[in-house]
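The values are calculated or read from the model by the stated rules, or taken from the named source; none is laboratory data. Here the structure is a predicted model, which means the values were calculated and not measured. Please note: Cβ atoms are built from the backbone with ideal geometry, for glycine as well, and neighbour counts cover all protein chains shown. Surface accessibility is based on the protein's heavy atoms, side chains included, excluding ligands, DNA and RNA. Shrake-Rupley method; radii C 1.70, N 1.55, O 1.52, S 1.80 Å.
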Amino acid sequence: HYCKLGSTREEKCVIKGSCKENEENENIIILGACLVGIIGVSLLVVYNCSGQFLTIRERRKARSRENAIQLARQQLRAHQGWKAAKQIARKHVTGVQDHLSRTFSRRRSFRQQTDLENSSHRVQEARLMGSTGPNERSDSIVFSAQNTSEISEAMPSVVMDISNDGEVVATNDKPAPKGKHRSTQTQIFKYAYGEIELEKARQEENKNMSFTGVLAKVKELQKEMTRPLLKVEFKNLTLSLGKRKLLRSVTGELQPGRVTAVMGPSGAGKTTFLNAVAGKVTGYQVTGSVLVNGAHGSIRSYKKIIGFVPQDDVVHGNLTVEENLWFSANCRLPARMSHRDRVLIVERVIESLDLQGVRNSVVGTVEKRGISGGQRKRVNVGIEMVMEPSLLILDEPTSGLDSSSSQLLLKALRHEALEGVNICAVVHQPSYTLYNMFDDLILLAKGGLIVYNGPIKTIEDYFSTLGIHVPDRVNPPDHYIDILEGIVKPESGIKAKHLPVHWMLYNGYEVPSDMKDDLKAMGEQSPDVDINRSMSGSTPHCLPAGVSNAFAQERNRLEHRLSKPGDLSSRRTPGILKQYKFFLGRVTKQRLREGRLLGVDFLILGLAGICLGTIAKLSDPTFGMPGYIYTIIAVCKFNYSDTPPCYT
Ligand SMILES: Nc1ncnc2c1ncn2[C@@H]1O[C@H](COP(=O)(O)OP(=O)(O)OP(=O)(O)O)[C@@H](O)[C@H]1O
């Protein structure tokens, strides 16, 4: 059993290999057949069971989630029942107390009060014990006892610990089922759904709130805000591509806690404007400045807390909705955030975007259909929402959505804005209801010029000063865009192309030199410009206007080129290695999901290998090992060829 003709080395044949006399090569047919058999069986397993494996995991998770939701709802019902019972009991106790104090002497009533206080404590005890208590109780006590039994009926498995003000402080579950993983997952879901149900209940309460109540609530929410606030100002932002100007002297601001709509005719430069604000412009000449919280510097320094939803989809078609959201959350939320807080964030986004029904559905690709277009759009938004951004920029998030889906999306965005998020979205032809859900509006004319930037509520007042009135039964944004497109002529005779100059004059901004002709045509004078307001930085004021402009432009150009975007977001996302782990997990899931396709690919590769092996003469003592290794690397590369994430 020692091969190789003339070999002096005592090397044994490989397993199941044999040599014939005077033969150079081993006979490894048995080994080869075994290998082919094993690979074939593995491929068959992958072909048939890859999907099953993921489905089993999903089902198990869904079961524990369902349990948690039930438990959280029961708990909330019990909590609300307890609160109501407590209020009624209090009312009754006060009533009896007043009655007695009127009837008996001071001393006696004092004793009575003490008794009542004791009895109210007994009520709490009775509730906690779920017992009916002594017979000689007042009506209020009987009522409370009935409620207590209701509570214990509603929540048989939950024992409440009740603080002085009747809040549920802590709860104990049923003894956890065996298996650490399952019980932990259920508990985490229970925590998340407990919070979500509480938020919903609070929202319901807020619906009936008075104005002062709403103000108090807003203050309360502001105290709870944990996200850093980002106010973005842009001054004289001009973007050119060669000699063509795509944005011109755009000045304005985006405020935290507000939802801003960007509207304008097609090709006006809305997407370009969003890209410029988000600092995603490469290959353009940029002048002017974007200030974050009043400070100069690159907006890219805050990229970890800026969410950007582009016009085109960024979802992974062969992952489920939930997997898409989780991948983004894992890579982009702070590395130190606990798993249960991540679960809460992801579940909250799924709830607010109404993706519960499709959470386990594959998003779908061109070849394989998945969820609907509207749901896909919402997943796109959700992917950015789960990273808890401070500035959320969306390019046409409502395009292709029906009215109710658009409103649902806007509601979710408004909810985010309540947490202090600065939201800016390009929208096309919003319905009147949708239009009124925005706080501010940036209206762009063709050529990337601003026509209006401010609250939605005051836009009609502004345009009426120019003699432009919205006719009855016409949606205001449609009317303004029709004017900008030249479809409708304003009754005041004002020209659409002069509207940007009117806006500049109205705000006292400097009119660019190439628009001075428009100024003359309008019969207006160039305004006295507050140079500090219109130009950023320290441009010398003593210089003539033209030189001063050139100076400022050059300074801005250098600033853009030199500014190295260090991280100013104070968020530490997972490191490269951890992100790579999430990436490998994601690609493995994707490959498992397309296991059948992959199985066939490998089968073809295997068959090709057998054919090649059979016809090749194996004179190489290593059986072409480097070639095999190269093939393995190539196959791995082929399977994991997606771009790895880099959110650090
Ligand atoms: N890289 C580029 N190369 C050539 N032209 C460009 C480039 N980027 C933007 N433009 C041009 O700038 C103008 C504004 O484009 P932008 O996509 O911002 O418009 P928009 O208002 O978002 O349009 P729409 O509403 O149709 O999406 C368009 O005329 C476009 O052709």
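Brief remarks follow.
- Residue 485 - accessible surface, heavy atoms, 1.4 Å probe, Å² rounded to 10: 80
- Checking the Cα-Cα distances for 200/231; 190/304; 243/495; 280/411; 231/304; 61/200 against a 18 Å cut-off, the pairs over it are 200/231; 190/304; 243/495; 280/411; 61/200.
- Rounded to the nearest Hz, the phi-derived 3J(HN,Hα) couplings of segment 573-585 under the Karplus curve 6.51 cos²θ - 1.76 cosθ + 1.60 (θ = phi - 60°) are 7, x, x, 4, 5, 5, 5, 5, 5, 4, 5, 5, x, where x marks glycine and proline.
- R0 of 30 Å, Cβ-Cβ distance residue 295-residue 226: FRET efficiency to nearest 0.05: 0.90
- Probe 1.4 Å, all protein chains present, accessible-area order of 602, 463, 582, largest first: 602, 582, 463
- Within segment 338-427, GluC sites (Glu not before Pro) in DSSP loop having at most 11 other beta-carbon neighbours inside 10 Å: 367
- Other-chain or far-sequence residues with amide H under 5 Å of residue 441's (modelled H): 261, 454, 456
- Only protein heavy atoms count here; on that basis, with a 1.4 Å probe, residue 603 has an accessible area of about 90 Å².
- Scanning residues 5 or more positions from residue 280 or on other chains, none has an amide H under 5 Å from its amide H, with H placed 1.01 Å from N in the peptide plane.
- Exposure rank, largest accessible area first [479, 339; 1.4 Å]: 339, 479
- Taken one residue at a time, the phi angles of segment 397-407 give Karplus couplings (6.51, -1.76, 1.60, θ = phi - 60°) of x, 9, 5, x, 9, 6, 4, 5, 5, 5, 5 Hz. Gly and Pro are set to x.
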